[in-house]
Amino acid sequence: MKPITYNTKNWFVRPAMLMLCLFLLNGIILGQDSSGNEQTPVAVKKIKPEKNTFGSIWIIDNQTVMVPIKGTFEMDIMHRFGTIKNGYKDFLGFFAPSNIRLGFEYVPINNLMVGFSITKANMTWEGYGKYAIIKQTKSKYPVSVTYFGDISLDTRGKDNFVHYSDRLMYFNQLIIARKITPKFSAQVSPSLTHVNIVDGYYYEPGKYRGTMNHEHFAIALAGRYKIKENMGIIVNYDQPITKHRSNNPSPNISFGLEVTTSAHAFQFFMGNYSFITPQRNNYYNRNNFKDGQFLIGFNITRMWNY
Amino acid sequence: MKLRYYASALVVLIVIFATGFTFRMQEKKPWPVPDKYKSMKNQVASDAESIAAGKALWSTHCKSCHGVKGQGDGPKAAQLKTEPGDFSKASEQVQSDGSLFYKTSEGRDDMPSFKKKIPDQDDIWSIVNYVRTLKK
């Protein structure tokens, strides 16, 4: 067996050995007992997560990366009016049939929010949870990451369903956000919607095919730019990714203004989504921004700390 | 003559009630601070970062009553039963950092307690640092 020899003239080995020596020496120096040479300890500034990446748990139709502090109880009142297309006829949709959601959330332990809501569209009850996995810090984590999961139950009359499970839809979302400057925050949120029942047709005798897949991937981009300490411009875009055979949902563009106070957040905006329930928005949206099918909406949240 | 007498008496009564009420409104209820807090040192250095954080929190939680410049003239101030003070004046600034920290944390009457809403004590110290910049 040929012994391994090191040629110290080799251009790679020599600098590597020098680096190794320096590294070891450095370790020895750092490992020295300093008791014989005591110095005044220098106060190390505590590394804390970035605060207030967004002003609310909502940014128009999407959840933000934010989970309120432990012990917070929150109530949401959300409203989506009709599309503005009829102009004065229904006063930009204000007097058209609208969609309303009441939501209630609580933060029982640090970083975990749980909640439930009822929405007028399809009399939808939702149960949801949100967990802050990573929080952005100045030196350790460049982004904050939060998971959001939601189950919705369509509670219309049983004539609309064959099985009870047909009422259920599921939504999973990973929210990745960064407070880029004290004024500007952005987030990207890939999501997966699962629908238990889809419309279908027989393309051959005995062979059934759904018009849409049961799974639907989408991605949302959102941002807030603070124009005053408690006022910001909010924008949000939702892009469907999954291509279905037909009935592909339309993307959503929304933009508006956010005002926050000690306990409230007010968001006023225009957008294409009308269902409020995230899985229904992502899967069934038919309002197309290219056709000017925008609607006006608002979110109001109120927090109490216990 | 009698009517004039009654009218004068009525005016005097109105003045007494009105001024009495005003004096009552302006009367400042003492707010004792435990010695532990009076002498407590500010835990956060008053640097630009802390003052910016304090300003953001002030705008969110304090401005509606205490006003933009801390003069006690926020939009909600008129509804208060207790006088919110004027932080631009030396009479309020004479308080120690620890006293301001205690009052912000604990609250009293119209002044809410912020120890649950702002759980990080360093944030309350940052508000104290910002309050110091309101002095004229």
Give me the dipole magnitude in Debye, nearest 20, for chain B about the Cα centre, with unit charges on the beta carbon: positive for Lys and Arg, negative for Asp and Glu.
560 debye
Angle in degrees between helix A:13-30 and the longest Cα principal axis of chain A, rounded to the nearest 10:
90 degrees
Could you give the nm distance between label points at A:Leu153 and A:Ile241, where each point is 7 Å from its Cα heading toward the beta carbon?
3.0 nm
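Determine, from the Cβ-Cβ distance of A:Arg209 and A:Lys140 and an R0 of 60 Å, the FRET efficiency 1/(1 + (r/R0)^6), rounded to the nearest 0.05.
0.75
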Computed from the beta carbon distance with a Förster radius of 60 Å, FRET efficiency for A:Asn196 and B:Lys36 to the nearest 0.05 stands at 0.50
Pop a pseudo-label 7 angstrom from the Cα along the beta-carbon direction at both A:Val188 and A:Lys46 and give the gap in nm to one decimal.
3.3 nm
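Where the accessible area of segment A:58-305 is counted over protein heavy atoms with a 1.4 Å probe, how much of it, in %, is carbon and sulfur?
Carbon and sulfur together cover 64 percent of it.
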Solvent-accessible heavy-atom area per residue, rounded to whole Å², over chain B at 1.4 Å:
65 Å²
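Rounding to the nearest 20 debye, state how big the charge dipole of chain A is about its Cα centre with +1 on each Lys and Arg Cβ and -1 on each Asp and Glu Cβ. Working shown, then result.
Values: 34 positive and 20 negative charges, 170 e Å.
Its charge dipole is roughly 820 debye.
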Rounded to the nearest 0.05, what FRET efficiency is calculated for B:Lys115 and A:Tyr225 with R0 set to 45 Å and r the Cβ-Cβ distance?
0.90
Over segment B:38-136, what is the relative contact order in percent, taking alpha-carbon pairs closer than 8 angstrom and at least six residues apart?
37 percent
Given the -39500 (n - 2.57) contribution per DSSP H run of 4+ residues, what per-residue ellipticity at 222 nm results for chain A, rounded to the nearest 500 deg cm²/dmol?
-2500 deg cm²/dmol
Probe radius 1.4 Å, ligands and nucleic acids left out: which of A:Arg286, B:Arg132 has the largest accessible area, and how do the rest follow?
A:Arg286, B:Arg132
Treat every Asp and Glu Cβ in segment A:126-246 as -1 and every Lys and Arg Cβ as +1, leave all other atoms uncharged, and give the resulting dipole magnitude about the Cα centre to the nearest 20 debye.
840 debye
Answer with one residue from A:Gly71, A:Ala265, A:Phe104: the one whose Cα lies farthest towards the positive end of the charge dipole of the protein assembly as shown, charges on Cβ with Lys, Arg +1 and Asp, Glu -1.
A:Ala265
Note down the accessible area of A:His163, probe 1.4 Å, to the nearest 10 Å².
110 Å²
Among the listed pairs B:Lys55/B:Lys81; A:Lys179/B:Lys115; A:Lys120/A:Lys290; B:Lys55/B:Lys117; A:Lys179/A:Lys228; A:Lys228/B:Lys81, which are separated by more than 19 Å between their Cα atoms?
B:Lys55/B:Lys81; A:Lys179/B:Lys115; A:Lys120/A:Lys290; A:Lys228/B:Lys81
Name the residues of segment A:221-252, by number, that are at least 40 Å² less accessible with every protein chain in place than in the isolated chain; the surface is that of heavy atoms, probe 1.4 Å, without ligands or nucleic acids.
A:Glu229, A:Asn230
Going by alpha carbons, how many degrees (0 to 90, nearest 10) lie between the helix axis of B:121-132 and the longest principal axis of chain B?
60 degrees
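The values are calculated or read from the model by the stated rules, or taken from the named source; none is laboratory data. Since the structure is predicted, the reported quantities are computational estimates derived from the model, not experimental observations. Ideal geometry is used to build each Cβ from the backbone, glycine not excepted, and the neighbour counts take in all protein chains shown. To get the accessible areas, we keep the full protein, side chains included, count just its heavy atoms, and leave off ligands, DNA and RNA. Shrake-Rupley method; radii C 1.70, N 1.55, O 1.52, S 1.80 Å.
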